[in-house]
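Worksheet for the structure shown next.
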């Protein structure tokens, strides 16, 4: 059992980045946004997408417009990266007009509070290890938080297919999510495997959540929803996962072998 | 079921175990190797993406997800096997089935190398060319992967009752051996002859004789010799221990071609078909020659013939597909002979004298 625990602890503490935000978008304190097209072009809209990293022009007008040497025909949408949009005040020529924008910088939250919440959730998760049914319920909650985070991160991406992006964002979730169903079935059958599966799913979700620590210290998160909701989901994944891993293995240690 | 002092892990939970470490059963090993296959295919997909997707902007790609989830699934399964033994009253090393010890060590090593690789990319930079194959963290990752993947081979190797397994019995070990060979070849990508298309083969050995050969000719010649060793050594190793079932060599060729076609974006299909045809011929050689440590002459003939056939078919396939031969006859007629000589050399090194 000690070897088993050691392997698990090493897996938790040393695993590389296995999951974070979809599409390679990362948390940050700055966000580039379009303020205006001057003078306005009828039917033409411009917006910063993909967490302020790409400029998207939609030509809903009747004639073509040119931006950065690219001609956008009527009804077409063009999305591209442009280094100019990273300046604090920026302009990009669009046909006879100009797209104006700025980069807003918002300080991030104090990460200590979120680390404390994560620690509290870890403690709560650990105490779920007192009963099999509680462990299974904990697994469902923590997995749901991870799924919500992955879906929210995927929906924040513009211009990619949903399924491959979600697949990329899920990482080890591809294994942890189905195992959650196994934990529930095992709990319903009162099988001793419940605690084992809960511990393994918890450990996997901690691994999945490690790269998301940045969500606690940056203000702008690539997530389709309020940033604090995403931080809570990350805290649940990390803290709850850690608690389930510790609580599940503690349950196994207390119940011992079946022979 | 027990074998000597070793208990079968696949025995029902709670069944009595004898003293000593257990040996994983067929089903356990099959699941281990299938999860390892998931793990490996994730790496193959990633290799394909690195070769064929021009703008890989993110670490969080679907193929990385397949790779890392395969690792997570394999890790969870091996922990389950240990826990099941723990439940049956086995403690410490006794809970680790024979052959599974290196995998138990390799799991955290792989995870540690993962974080090391992340730090390497952050502070030293991301490799984009041949340097990918020499990054120390990548080498630890691939080594630990090989240790995990070869687990079913160690299980079968340790079972002295198994001498001439059926293909079904050999399947977990055979898949382990085949995927390991393909991973070794993946990390020898700078000398991989399997990714050459027929047209590239013909062009590489077509040059002005007076000029002494192009860089491409040197690359193909070196690749043939290196790839030959990677393809022949697993078979020369396995026949020292087992009488291989018909299909083992074809399985090896098939799995290696899964990788090489992915890396070459499926443009080397005629080359891949040639390797699979060679696999079938090598299976016939295994059947007819029955090479083993005690049959040294047949062992050496097998090494010579298997290497020769592989590269004769390789060049014949390219010639048939392109409808022409390379202009330098010495190169395409001599390369299979050179490979055959290397094969014999390996056979002599591996089995210097007959085992009495």
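The values are calculated or read from the model by the stated rules, or taken from the named source; none is laboratory data. Predicted model, so just to flag it, every value in this text is computed and none were measured. Reconstructed Cβ throughout: ideal geometry from the backbone, glycine too, with neighbour counts over all protein chains shown.
In the stretch B:103-110 there is at least one residue matching the filter, namely being touching a helix residue (DSSP H, G or I) at 6+ places or on another chain (Cβ under 7 Å), facing another protein chain (nearest Cβ under 8 Å), farther than 13 Å from residue B:39 by Cβ and assigned to a helix (DSSP H, G or I). Total residues in the stretch B:317-356 satisfying the condition of being closer than 14 Å to residue B:301 by Cβ and in a loop (DSSP other than H, G, I, E, B): the figure is 2.
In the stretch B:6-21, the condition of being at pLDDT 65 or above, in contact with a helix residue (DSSP H, G or I) (Cβ under 9 Å, 6 or more places away or on another chain) and under 25 Å from residue B:168 (Cα atoms) is met by at least one residue. Residue B:261 - would you say it is assigned to a helix (DSSP H, G or I), free of Cβ contacts under 8 Å to residues at least 12 places away in the same chain and within 24 Å of residue B:37 (Cα to Cα)? Yes, satisfied. Exactly one residue out of B:133, B:119, B:79 is farther than 24 Å from residue B:187 by Cα and assigned to a helix (DSSP H, G or I): that is B:79. Restricting to the stretch B:293-309, count the residues that are closer than 12 Å to residue B:350 by Cα and in contact with a helix residue (DSSP H, G or I) (Cβ under 6 Å, 6 or more places away or on another chain). So the count comes out to 4. Within the stretch B:264-282, the set of residues being assigned to a helix (DSSP H, G or I) and buried (at least 21 other Cβ atoms within 10 Å of the Cβ) comprises B:271, B:272, B:274, B:275, B:278, B:279, B:282. Listed by first and then second residue, the pairs linking a residue in the stretch A:154-180 that is facing chain B (nearest Cβ under 7 Å) and within 28 Å of residue A:54 (Cα to Cα) to a residue that is crowded, with 24+ Cβ neighbours inside 10 Å and modelled with pLDDT of 90 or more, with Cβ atoms under 7 Å apart and 6 or more places separating them unless they lie on different chains, are A:169/A:150; A:169/A:153; A:169/A:154; A:170/A:150.
Considering (1) at pLDDT 90 or above; (2) touching a helix residue (DSSP H, G or I) at 6+ places or on another chain (Cβ under 8 Å), the lone condition that residue B:62 does not fulfil carries the number (1). Condition first: free of Cβ contacts under 8 Å to residues at least 12 places away in the same chain and over 23 Å from residue A:32 (Cα atoms). Can you find one or more residues in the stretch A:57-64 that meet it? Yes, that holds for at least one residue. Just one of the listed residues (B:286, B:229, B:220) is touching a helix residue (DSSP H, G or I) at 6+ places or on another chain (Cβ under 8 Å) and more than 23 Å from residue B:205 (Cα to Cα), and it is B:286. Mind listing whichever residues of the stretch B:82-102 are assigned to a loop (DSSP other than H, G, I, E, B) and in contact (Cβ under 8 Å) with a residue 24 or more places away in the chain? Selection gives B:88, B:89, B:90, B:96, B:97, B:98, B:99, B:100. Looking only at residues that are touching a residue at least 12 places away in the same chain (Cβ under 8 Å) and out of contact with any helix residue (DSSP H, G or I) (no Cβ under 8 Å at 6 or more places or on another chain) in the stretch B:168-212, which one is surrounded by the fewest Cβ atoms within 10 Å (Cβ to Cβ)? Ranking the candidates gives B:209 first. Flag set for residue B:165, criterion: buried (at least 16 other Cβ atoms within 10 Å of the Cβ) and outside any helix (DSSP H, G or I). The residues of the stretch B:310-326 that are within 30 Å of residue B:354 (Cα to Cα) and surrounded by fewer than 22 Cβ atoms within 10 Å (Cβ to Cβ) amount to a single one, B:312.
Just to verify a result, which residue in the stretch A:151-178, among those that are over 11 Å from the mean Cα position of the chain (by Cα) and surrounded by fewer than 19 Cβ atoms within 10 Å (Cβ to Cβ), is nearest to residue B:65 (Cα to Cα)? My answer is A:164. Note on the stretch B:60-102: residues that are at the interface with chain A (Cβ under 8 Å from one of its Cβ atoms) and touching a strand residue (DSSP E or B) at 6+ places or on another chain (Cβ under 7 Å) amount to 0. Taken over the stretch A:224-258, residues that are within 14 Å of chain B (Cβ to nearest Cβ), touching a helix residue (DSSP H, G or I) at 6+ places or on another chain (Cβ under 7 Å) and either at positive phi or outside any helix (DSSP H, G or I) (or both) amount to 2.
Is it true that residue A:163 is in contact with a strand residue (DSSP E or B) (Cβ under 6 Å, 6 or more places away or on another chain) and over 21 Å from residue B:76 (Cα atoms)? Taking the combined requirement at face value, the residue does not satisfy it.
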